[in-house]
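Student: Below is the structure I would like to discuss, written out as structure tokens.
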Amino acid sequence: MWIKEGEGDDEERRRSFRKHLKSPDGMESEAVELASLDADLLFYRPPPVQMSIVVSDAMEPDFPIIYVNKVFELSTGFRAHEVLGRNCRFLQFRDHRAKRRHPLVDPDIVSEIRRCLKEGMEFQGELLNFKKDGTPLVNRLKLTPILSDDAIVSHVIGIQVFSEAKLDLSKTSYPVFKETYKPKTDVSADAVLFSPDWNSTWIQRKEVCGLLQLSDEVIAQNILTRLKPRDVASIGSVCRRIRKLTENEYVRKMVCQNAWGRDVTGSLELMTKKLGWGRLAREITTLEAIRWKKFTVGGAVEPLRCNFSACAAGNRLVLFGGEGVNMQPMDDTFVLNLDAANPEWRRVSVESSPPGRWGHTLSCLNGSWLVVFGGCGRQGLLNDVFVLDLDAKKPTWKEVSGGTPPLPRSWHSSCTLEGSKLVVSGGCTDAGVLLSDTFLLDLKMEKPTWKEIPTSCTPPSRLGHSLSAYGRSKILMFGGLAKTGHLRLRSGEAYTVDLEAVEAPQWRQLECGALAGGVGGVQNAVAPPPRLDHVAVTIPCGRIIVFGGSIAGLHSPSQLFLLDPSEEKPSWRTLNVPGQPPKFAWGHGTCVVEGTRVLVLGGHTGEEWVLNELHELCLASRYDSE
């Protein structure tokens, strides 16, 4: 096994929540204790009746879903990422391609739901729904609005009990279900909470809000930590108890860790010593503190070169290879330690080096493992893989081989997933043929083996494009020099694929609009012009920033473009960032350090290759500056 996989401990996590959320005097009221006991039985000892929970944002148009629990996923067949941001009405469609809800869905019930949502009232009734595979379900639905201190509905919680609908859809006449509960005309602090007992009968209890009957531990661990930081802030702004709970730094960290991943939050730890998780999450989400900063470093990368590849390993910037004078392939490794008081480039002394190359990719896995793939060497194009442990006492490049490797190539693109998987796509062969394939190499395995990712639909062949990982297993491809018929043209298209899709992975082109940015000033609404040799980086909240590149024979301006590919309707946003931006450049390298520092180095300005000046795009306020 090349890379060891981290292990989690759910029981330890539960103990940590109890420790961090314990009240100062260690005592709770009898009512809260009883509610906590009920909640613990609900969450940790699943009752015969499984309740699906859906939370929608009432402050946004069309009540988009911001949270679903596991019961919802198991009952409907839809995974959380497939429904977040959508209105829950899609369950009324038997086929996802249908334009209207199924005719057997009672329109009277649908109209009553709309009226209750519009007037901020509770609703309970039965409705015909459909699983992802088209199986009909009976949905015993309870909708409860959450009111702010100003009596404004901010969120709606839906509690659903699904059961099989035993009916023949080809013979059953309309309508199928009728309303079983007439909602109250006034919803206030005395709202009625309906919850199923263990015998599936409905009982009534008077409470302000059903959600608040749960213990602090359950609200924090089972609800808040499954929401995005933005949604947690929204709920906290209208509920005193939840706002108090979200002031806990441990809860804030768990929210960020669930939304961004353990590796990302680990890299942000240093930034939180001064800012705290609350402010850091806000600045990364809103980009209110984003700015350019230029600085110089000592040492030298000699001989001078271009077409190198760089990546970040912890707080170190690593550079390998490149094209030297007279197209000489370079095989040396340089490191810039950004933790040093006066950072300077230092050549790494290694036992052995891969063959010199340029037009390759360099990636970092698991914080210290460097992985080189492909490129152009003295004898032509390469398809070998070399791995180096930068933290070893005697760093040594070791070749990894297994299975049928991709074709030799250069000017391809790569990214990493889950700290151990290398993904390679596209590029150009020795004969000048553009490629469109996608390969994966998992270095966590005892004997790593190349695996081609078969997809039913692939983007046009290309080189000089970018691959950016977001989420757990999703990849965004943007730009490059793409084959269009008999021509090769710069591309401005964006494609996405989920390598862990339930069905076979499939590339899908994003139909992206354009919005004006609001950081440091409003810019014109415009999508990125077609380009190649640009850079794209994923920031902690899963959004992707595109910078630079070669466009239409001119050097690309230092304009930043932002895209959130996880949105239902992704839109490009231009950002006007203050500070000292890089010059017009292409062929530069970039990487993300500490989760909030995007470093740009090198690049061609039309006259010279620049290596010893670095530009930093700061995504958050620096902890070492006021």
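The values are calculated or read from the model by the stated rules, or taken from the named source; none is laboratory data. Note that this is a predicted model, so its numbers are computed, not measured. Cβ atoms come from the backbone with ideal geometry, glycine included; neighbour counts cover every protein chain shown. Accessible surface is based on the protein model in full, side chains and every heavy atom, while ligands, DNA and RNA are left aside. Shrake-Rupley method; radii C 1.70, N 1.55, O 1.52, S 1.80 Å.
Student: Pairs, please: C-beta under 8 Å, at least 6 apart or cross-chain, first residue in contact (Cβ under 8 Å) with a residue 40 or more places away in the chain and in the range 146-166, second of a type in the set (D, E, K, R) and open to solvent by less than 50 Å² (accessible area, probe 1.4 Å)?
Tutor: Between residues of the range 146-166 that are in contact (Cβ under 8 Å) with a residue 40 or more places away in the chain and residues that are of a type in the set (D, E, K, R) and open to solvent by less than 50 Å² (accessible area, probe 1.4 Å), the close pairs are 154/57; 155/57; 158/142; 159/142; 160/142.
Student: Which of the residues spanning the range 454-496 are open to solvent by 20 Å² or more (accessible area, probe 1.4 Å) and under 17 Å from residue 422 (Cβ atoms)?
Tutor: Listed by number, the residues that qualify are 469, 472, 474.
Student: In the list 434, 440, which residue meets the criterion of being open to solvent by less than 20 Å² (accessible area, probe 1.4 Å) and in contact (Cβ under 8 Å) with a residue 40 or more places away in the chain? Write out each step before concluding.
Tutor: Values: 440 fails: open to solvent by less than 20 Å² (accessible area, probe 1.4 Å).
Sole residue among the options that is open to solvent by less than 20 Å² (accessible area, probe 1.4 Å) and in contact (Cβ under 8 Å) with a residue 40 or more places away in the chain: 434.
Student: Oh, and also: Hey, can you tell me all the residues within the range 394-427 that are over 24 Å from residue 532 (Cβ atoms) and hydrophobic (A, V, I, L, M, F, W, C)?
Tutor: 397, 400
Student: Taking into account only those residues within the range 533-546 that are open to solvent by 10 Å² or more (accessible area, probe 1.4 Å) and more than 13 Å from the chain's Cα centre (by Cα), which is modelled with the highest pLDDT?
Tutor: Across the range 533-546, the extreme among qualifying residues is 536.
Student: Let me ask another. Would you mind stating whether residue 288 is within 17 Å of the chain's Cα centre (by Cα), touching a residue at least 24 places away in the same chain (Cβ under 8 Å) and within 19 Å of residue 562 (Cβ to Cβ)?
Tutor: Spelling it out, it is not the case that residue 288 is within 17 Å of the chain's Cα centre (by Cα), touching a residue at least 24 places away in the same chain (Cβ under 8 Å) and within 19 Å of residue 562 (Cβ to Cβ).
Student: Hey, another quick one. Within the range 117-134, can one find any residue that is basic (Lys, Arg) and in a helix (DSSP H, G or I)?
Tutor: There is at least one residue in the range 117-134 that is basic (Lys, Arg) and in a helix (DSSP H, G or I).
Conditions tested, residue by residue: (1) open to solvent by less than 20 Å² (accessible area, probe 1.4 Å); (2) modelled with pLDDT of 50 or more; (3) in the same structural domain as residue 445 (by the TED database).
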residue: 3; (1), (2), (3): yes, yes, no
residue: 7; (1), (2), (3): no, no, no
residue: 57; (1), (2), (3): yes, yes, no
residue: 75; (1), (2), (3): no, yes, no
residue: 84; (1), (2), (3): no, yes, no
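Student: Of the numbered conditions (1) outside any loop (DSSP other than H, G, I, E, B); (2) without any contact (Cβ under 8 Å) to a residue 60 or more places away in the chain, residue 98 satisfies every one except a single condition; which is it?
Tutor: (1)
Student: While we're on this one: If I go through the range 265-282 residue by residue, how many of them are more than 22 Å from residue 216 (Cα to Cα) and crowded, with 19+ Cβ neighbours inside 10 Å?
Tutor: Result for the range 265-282: 7.
Student: Could you tell me whether residue 326 is buried (at least 22 other Cβ atoms within 10 Å of the Cβ) and modelled with pLDDT under 90?
Tutor: Here the answer is no, as residue 326 does not meet what is asked.
Student: A follow-up question, please. Determine if the range 358-372 includes at least one residue that is in a loop (DSSP other than H, G, I, E, B) and farther than 25 Å from residue 402 by Cα.
Tutor: No, that holds for no residue.
Student: Can you name every residue in the range 301-316 that is open to solvent by 40 Å² or more (accessible area, probe 1.4 Å) and part of a strand (DSSP E or B)?
Tutor: Residue satisfying the conditions is 316 alone.
Student: Sticking with this structure for a sec: Can you tell me how many residues within the range 247-264 are more than 11 Å from the chain's Cα centre (by Cα) and buried (at least 21 other Cβ atoms within 10 Å of the Cβ)? Steps first, please.
Tutor: Pass one, the range 247-264, residues more than 11 Å from the chain's Cα centre (by Cα): 247-257, 262-263.
Okay, now just the ones that are also buried (at least 21 other Cβ atoms within 10 Å of the Cβ), so 251-256.
Looking only at that region, the number is 6.
Condition check ((1) more than 30 Å from residue 471 (Cβ to Cβ); (2) open to solvent by 30 Å² or more (accessible area, probe 1.4 Å)) across all residues:
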{"site": "95", "(1), (2)": "no, yes"}
{"site": "105", "(1), (2)": "yes, no"}
{"site": "118", "(1), (2)": "yes, yes"}
{"site": "124", "(1), (2)": "yes, no"}
{"site": "128", "(1), (2)": "yes, no"}
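Student: Tell me, please, whether a residue that is basic (Lys, Arg) and not in a strand (DSSP E or B) can be found in the range 342-353.
Tutor: Within the range 342-353 (the criterion being basic (Lys, Arg) and not in a strand (DSSP E or B)), the answer is no, since none of the residues qualifies.
Student: Based on what the data block shows, is residue 150 surrounded by fewer than 18 Cβ atoms within 10 Å (Cβ to Cβ), assigned to a loop (DSSP other than H, G, I, E, B) and of a type in the set (Asp, Glu)?
Tutor: yes
Student: Tell me, which strands (runs of 3 or more DSSP E) lie completely within the range 393-473 with 3 or more residues that are at positive phi?
Tutor: Fully inside the range 393-473 and qualifying: nothing.
Student: How many of the residues making up the range 285-300 are surrounded by 19 or more Cβ atoms within 10 Å (Cβ to Cβ) and in contact with a Ser or Thr (Cβ under 9 Å, 6 or more places away or on another chain)?
Tutor: Final tally of qualifying residues: 0.
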